[in-house]
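Below: one structure, written as structure tokens.
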């Protein structure tokens, strides 16, 4: 890997800052001053900037408890994004795995492993996602059967795939779906004459949101969670 790319991947330094530091002689490889940004480094090389060793970033897998008011995007001119909640170097490289609406809370996964991301988000995988839903009106007893049989949403040509609805109270339930149509859950309840007032994702595949994470908090996934995908 090129020296400037390695530093850029492992720090928050911009490309121009990196090049300036190299010109100033502030960058070294194995304690020898580096002179070229394009110089290639090997796996065992020790790179330092201003005598501080740059640690190689390993691939990251993160679980975040998304609060209301944040959008699932890398950049936005109007609203804060989930990346603003992270205290991580070079966080702009992280991919958001399974996006949530601005008013939806709960489990969001982030990674810089594109293949792992694809294994979750590819429609062919039919990865299950479970949400806790709170509705404005009482949930009709027939709704579970309707969702299990599939329901044709407005503007769609095919009905939704079978979904599992587990009633918790008269106005709340757990809903598990295996696809990700636009505003799907809100549209499903609207189709049966109800309105979603709160939506919280609890699970993606076998990965369950950690109860210890407060809104806005995050932690690395365990090896077992990573391997479950």
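Numerical summary
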item: Value of relative contact order over segment 61-223, rounded to a whole percent, pairs C-alpha under 8 Å and six or more apart; result: 30
item: Cα gyration tensor shape of segment 1-68, rounded if a/c is under 1.5, else prolate or oblate by comparing a/b with b/c; result: prolate
item: Residue order, fewest to most beta carbons within 10 Å, for 96, 54; result: 54, 96
item: For the chain, built as a Gaussian network whose Cα springs stay under 10 Å, the top-fluctuating residue of 83, 175, 21; result: 21
item: Length-normalised contact order for segment 3-53 - Cα pairs under 8 Å, 6+ apart - percent; result: 35
item: Order of 177, 226 - criterion: other Cβ atoms within 10 Å of each residue's Cβ, fewest first; result: 226, 177
item: Answer label, with Rg and Dmax of the Cα atoms in Å calculated from the coordinates and candidates (1) 22.4, 73; (2) 18.3, 53; (3) 21.9, 76; result: (1)
item: Expected 222 nm ellipticity per residue - DSSP helices of 4 or more, -39500 (n - 2.57), all of the chain, to 500; result: -5000 deg cm²/dmol
item: Within a Gaussian network of the chain (alpha carbon springs, distance under 10 Å), most fluctuating of 122, 16, 172; result: 16
item: Likely footprinting exposure, 91, 157, 129, 5, fewest C-beta neighbours within 10 Å first; result: 157, 5, 91, 129
item: Pairwise centroid distance, computed over Cα atoms, of segment 1-40 with segment 154-224, Å; result: 45
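Each value in this text was obtained by applying a stated rule to the coordinates, not by laboratory testing. This structure is a prediction, so every number in the text was calculated from the model and none was measured. Quick reminder, even Gly has a Cβ in these numbers, built from the backbone with ideal geometry, and neighbours come from all protein chains shown.
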